[in-house]
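My questions all concern the structure below.
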Amino acid sequence: MDISRLDNRLANDSYYMGHIANSILLLMKNALYPWFVIVPDTDETEFYKLASSQQVELLEQINQLSAFIINNFQIEKLNVATIGNVVAQMHIHVVGRHSHDACWPGVVWGYDAFTAYSTEQLGEIKLKLGAELTGFKS
């Protein structure tokens, strides 16, 4: 998928990390949570409308990213969602949570607390993604 096709709200709220298979991989700008977004190359807005092969590919990406978050961040719970109420472009949130995070047990969407990532943190995360995710290209 071409990055220029990314919805402006996703582009403005996240860092581009790279591609995994046919999807764009983003990291939301709030460092309070390891919050990644997978944006598959499709015009469909609903997961069930995807071809079975693309559904399987996305599930593999979600599983890889979930394992990455568990292995690299101190979390207790993973949240995986395809909400899309505001941004229609299909995207899958994969968020690591723990009982001491800023908005536990509530949702991370719309919460005002914010901590920026440093340039060093972003570089380290991107290097780890490259080492741990099959097919990742930055």
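Values in this text are rule-based calculations from the coordinates and carry no lab data. Everything numeric here is computed off the predicted structure, so don't read it as measured data. Counting neighbours? That spans all protein chains shown, and the Cβs are built from the backbone with ideal geometry, glycine included.
To the nearest 10 degrees, how steeply does helix 52-72 sit against the main Cα axis of the chain, on a 0 to 90 scale?
20 degrees
Please give, to one decimal in nm, the separation of the simple spin-label points placed at Asp7 and Phe73, each 7 Å out from Cα toward the Cβ.
A separation of 2.0 nm, rounded to one decimal place.
Would you list, by chain and number, the lysines whose Cα falls below 20 Å from the Cα of Lys128, excluding same-chain residues fewer than 8 positions away?
Reachable lysines: Lys29, Lys137.
If you don't mind, there's one more thing I want to ask. Mind ranking 77-85, 128-136 by how tightly packed they are, going by the mean number of other C-beta atoms within 10 angstrom, highest first?
Top of the packing list down: 128-136, 77-85.
Of Leu32, His19, Gln64, which is farthest towards the positive pole of the range 1-69's charge dipole, taken about the Cα centre with +1 and -1 on the beta-carbons of Lys, Arg and Asp, Glu respectively?
Going by the Cα projections, it comes out as Leu32.
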